[in-house]
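Taken together, the values in this text are just the output of simple stated rules run on the coordinates, not laboratory data. This structure is a prediction, so every number in the text was calculated from the model and none was measured. Cβ placement follows ideal geometry from the backbone for every residue including glycine, while neighbour counts extend to all protein chains displayed.
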Amino acid sequence: MNNGNVDSKTGQVTIRAMAESDLSTIVTMEREIFSDPWPRSAFLDCVTANGWGGLVAETESEIIGYACYLIVDVESHLTNIAVAPEHRRKSVAQQLLDRILSIADGSGCEFILLEVRPSNSEALAFYRKHGFRVLYQRPNYYRRPVEDAVVMVKYFERNEPAT
Ligand SMILES: CC(C)(COP(=O)(O)OP(=O)(O)OC[C@H]1O[C@@H](n2cnc3c(N)ncnc32)[C@H](O)[C@@H]1OP(=O)(O)O)[C@@H](O)C(=O)NCCC(=O)NCCS
């Protein structure tokens, strides 16, 4: 999914569609941030493959964050999100997530899923703040180091199942 028309400014940070020319910067950031980083080919899918999408957050001078997603029929997945360490706690990830929620909701998705390491307390706090709840724990999902995944879901409002 290419969101070439996605481009808006929120304060000093612009959220726009990921482009192939961004990938060398993103791959460098990914290697610095994650112990089991995505390869360039995975990000390339985000700018070329059907159903996949990517966004970047940038200031006037540099890319400071990125996020990727997948939309399959009524399901959406937040597949990656990261912000450069020196730009964290300034709502950059929130702006990326808000845009993905809006794209997925606007595409008719009923819910959005994600996986997160149970040891990743920052990301868990971020997702909880934004209304994701734990569905279940998937054993031995991650590599380097091996760790379970916490699978979380957020329903778009009109689709929240009755409890
Ligand atoms: C998780 C991550 C993307 C959050 O990015 P961010 O831009 O700092 O997040 P925001 O500023 O939008 O945070 C919004 C809220 O999330 C929660 N949060 C984010 N980081 C937190 C932390 N270190 N400790 C506690 N809560 C945190 C808070 O509720 C925060 O609101 P507040 O600042 O008003 O308290 C960032 O920490 C990151 O890149 N981590 C490494 C990559 C990663 O783990 N990605 C997720 C993989 S599943």
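In table form, for the structure just shown:
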item: Gain upon complete extension [Ser91, Gln137; 0.36 nm per residue less C-alpha separation]; result: 13.8 nm
item: Backbone N within the stretch 70-114 under 17 Å of label point (7 Å from Ala49 Cα along the Cβ vector); result: 70-73, 75-81, 113-114
item: Whole-Hz couplings from phi, Karplus 6.51/-1.76/1.60, listed for the stretch 102-112; x for Gly and Pro; result: 5, 5, 5, 4, x, 8, x, 5, 8, 7, 10
item: Among Ala57, Ala17, Ala49, residue whose mean-square fluctuation peaks in a GNM of the chain (springs only between Cα atoms under 10 Å); result: Ala49
item: Full-extension gain in nm, Asp73 to Val151, via 0.36 nm per residue minus C-alpha separation; result: 26.2 nm
item: Estimated distance in nm for a label pair at Thr28 and Ala125, the labels positioned 7 Å out from Cα along Cα-to-Cβ; result: 2.9 nm
item: Value of [θ]222 nm, deg cm²/dmol, for the chain, DSSP H segments ≥ 4, -39500 (n - 2.57) each, nearest 500; result: -8000 deg cm²/dmol
item: Chymotrypsin sites (Phe, Trp or Tyr not before Pro) within the stretch 74-163, DSSP loop, no more than 14 other Cβ atoms inside 10 Å; result: none
